[in-house]
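All remarks here apply to the structure that follows.
The values are calculated or read from the model by the stated rules, or taken from the named source; none is laboratory data. Note that the structure is a prediction, hence the values are computed from the model and not measured. Don't worry about glycine lacking a Cβ; one is built from the backbone with ideal geometry, like all the others, and counts go over all protein chains shown. Heads up: the accessible areas ignore ligands, DNA and RNA and are worked out on the full protein's heavy atoms, side chains in. Shrake-Rupley method; radii C 1.70, N 1.55, O 1.52, S 1.80 Å.
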Amino acid sequence: MNTIENLFEITSKFRCHVDISTLKSYGTGHINDTYRLKNLATEEYDYLLQKINHQVFKNVPKLIENMCRVIAHLKKELLISGEGNPEKEVMTLVATKEGPYFYQDSNGEYWRMCHFLKDTKTYDVVETEQQAYEGGKAFGKFQYMLCDLSPDLMYEVIPDFHHIGKRLEQLEQARAEDPLGRVALVSEELRTIDASSGSMSYFQQDEQLLTLPRRVIHYDTKFNNVLLNLEDRAQCVIDLDTVMPGYVAYDFGDAIRTIINSTTEDDKELSNIKLNIPLFNAYTKGYLEQARLFINEWELSSLMKGVLLLPYMQAVRFLTDYINGDRYYKIESTHHNLQRTRAQLKLLKELFEHSESMEDSIFKEARKHQLIKD
């Protein structure tokens, strides 16, 4: 239990001056516990304090090392370019008084602190084409600024995070063990997942392993991981827990998964789940305006594969967690993960039906930047 006294003791370990009476739970993240605190020096940055879920992230020191490496690289790139403000456009971690950028308390829990960027906002659901366009620019620029950072320097925080074969193996294990007797409740969902399993192996095929470059990517490109300023312009990409080597299509696909959906990712009413194609086009436009500076033709051809893979994979992950007894994701009700699974599968069905025209839109935008030839 995180009491005020406990949190006061934790904040005292960091190089900060906080007003603990202002502590409030913050955000809608599934994994970590986040709190906002005001700075006693009113002209300085406020803070976000996070308890890192070390059941999910097994090696917190290496996670923090990844974050520090990426943050330093992004700030260096902005300084070299002379465009932008590194303190406002990149996360800033706060060091502990002992030096490291994390603190482990007497209960074995891990904590970190970062600057809170004022006059910013996030959206769980994209509301306008301008927002989608800005999200595309933000993640495209993020990938571009990291394209010369060697993926070999990065620790794999969660091994095989987007390896669909491994995710399906985990689902099969959960199905076999069935600890809470829930498999009987999800036979339809399992049939749907089984029916598409073969077509989802694209990124594990030998041809792709030989031709697609591994890059340092974000791995959690939900739209609410982009901070927008008060004019709805992209300012900063946040939540760097999972930065590690992967394919750019993973990030593109996960962003589209959250942007194109006309409702929330756990809507009980599946008929509400429809595709907002103008938002897809706007995100793609913003993304390729930035990604054109590094992306190759093989990667362009993989983007739509990522769009189909990520909701499928998320459905597999939600269903696995549901069968296992909700060990990974925070839930708000007994069947929350099942509700999420069904919503992702409905989204996937919509995406399959529109995939050809969506891929045409990607290539049309790519031609504007002369990334491919007619």
Under 5 Å between amide hydrogens, which residues at least 5 positions from Ser262 or on another chain qualify, with H placed 1.01 Å from N in the peptide plane? Lys274, Asn276
Global form of segment 201-284, assessed from the alpha-carbon gyration tensor, a/c cut-off 1.5: oblate
Which whole-number percentage describes the relative contact order of segment 71-121, with Cα contacts under 8 Å and a sequence gap of 6 or more? 26 percent
Rounded if a/c is under 1.5, else prolate if a/b is larger than b/c, else oblate: which is segment 94-155, with a ≥ b ≥ c the root eigenvalues of its Cα gyration tensor? oblate
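Give the relative contact order (percent, whole number) for segment 1-157; include only Cα pairs under 8 Å separated by 6+ residues. Intermediate values should be presented prior to the final figure.
Values: 193 pairs, mean separation 36.5, N = 157.
Reported relative contact order: 23 percent.
Packing-wise, with mean Cβ within 10 Å as the measure, how do 247-256, 233-242, 329-338 rank, highest first?
Values: 247-256: 27.5, 233-242: 21.8, 329-338: 15.3.
Final packing ranking: 247-256, 233-242, 329-338.
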With unit charges on the beta carbons (Lys and Arg positive, Asp and Glu negative) and the dipole taken about the Cα centre of segment 267-326, which residue among Ser302, Leu270, Ile323 sits farthest to the positive side? Ser302
Extension length gain for Leu40 and Glu332 (0.36 nm per residue less Cα distance), in nm, is 101.7 nm
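Measure off, as a whole percent, the carbon and sulfur share of the 1.4 Å-probe accessible area of the chain, all protein chains present.
Details: 8310 of 17210 Å².
For the chain, the apolar C and S fraction of the accessible surface comes to 48 percent.
Charges at C-beta only: +1 for Lys and Arg, -1 for Asp and Glu. How large is the resulting dipole of segment 194-328 about its Cα centre, in Debye rounded to 20?
On the way: 12 positive and 19 negative charges, 45 e Å.
So the magnitude is around 220 debye.
Please give the per residue accessible area of the chain, computed with a probe of 1.4 Å over protein heavy atoms only, in Å². Mind showing how you got there, number by number?
Numbers: 17210 Å² over 374 residues.
Solvent-accessible surface per residue comes out at 46 Å².
Quick one: length gained pulling Lys166 to Glu350 fully straight, 0.36 nm per residue minus the C-alpha distance?
Details: separation 184, 0.36 × 184 = 66.24 nm, distance 2.50 nm.
Gain in length upon complete extension: 63.7 nm.
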Dipole of the chain [Lys/Arg +1, Asp/Glu -1 at C-beta], most positive-end residue of Gly286, Leu37, His336: Leu37
Got the relative contact order for the chain handy, in percent, Cα pairs under 8 Å and 6 or more residues apart? 18 percent
Which number comes out as Rg/Rh for segment 267-360 once both Rg and the Kirkwood Rh are worked out on C-alpha atoms? 1.06
Under 1.5 on a/c is rounded, so check that first for segment 139-251, then, if it is not, pick prolate when a/b is larger than b/c and oblate when it is not; a ≥ b ≥ c are the square roots of the alpha carbon gyration tensor eigenvalues. prolate
Along the Cα→Cβ direction, 7 angstrom out, place labels at Lys364 and Thr211. What is the inter-label distance in nm? 2.5 nm
So if I take the centroid of the Cα atoms in segment 134-183 and the same for segment 325-361, what is the distance between those two points in Å? 16 Å
If I model a spin label at Ser150 and Cys68 as a point 7 Å from the Cα along the Cα→Cβ vector, what separation in nanometres do I get? 1.9 nm
Taking the Cα-to-Cβ direction at Gln130 and at Glu269 and moving 7 Å from each Cα, how far apart do the two end points lie in nm? 2.8 nm
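With r as the distance between the Cβ atoms of Glu297 and Gln204 and R0 = 22 Å, compute the FRET efficiency 1/(1 + (r/R0)^6) and round to 0.05. Walk me through the intermediate numbers first.
Numbers: r = 21 Å, r/R0 = 0.93.
Plugging the Cβ-Cβ distance into 1/(1 + (r/R0)^6) gives 0.60.
Give me the extension gain from Arg15 to His54: residue separation times 0.36 nm, minus the current Cα-Cα distance, reported in nm with one decimal.
Working: separation 39, 0.36 × 39 = 14.04 nm, distance 2.28 nm.
Using 0.36 nm per residue and subtracting the Cα-Cα distance, I get 11.8 nm.
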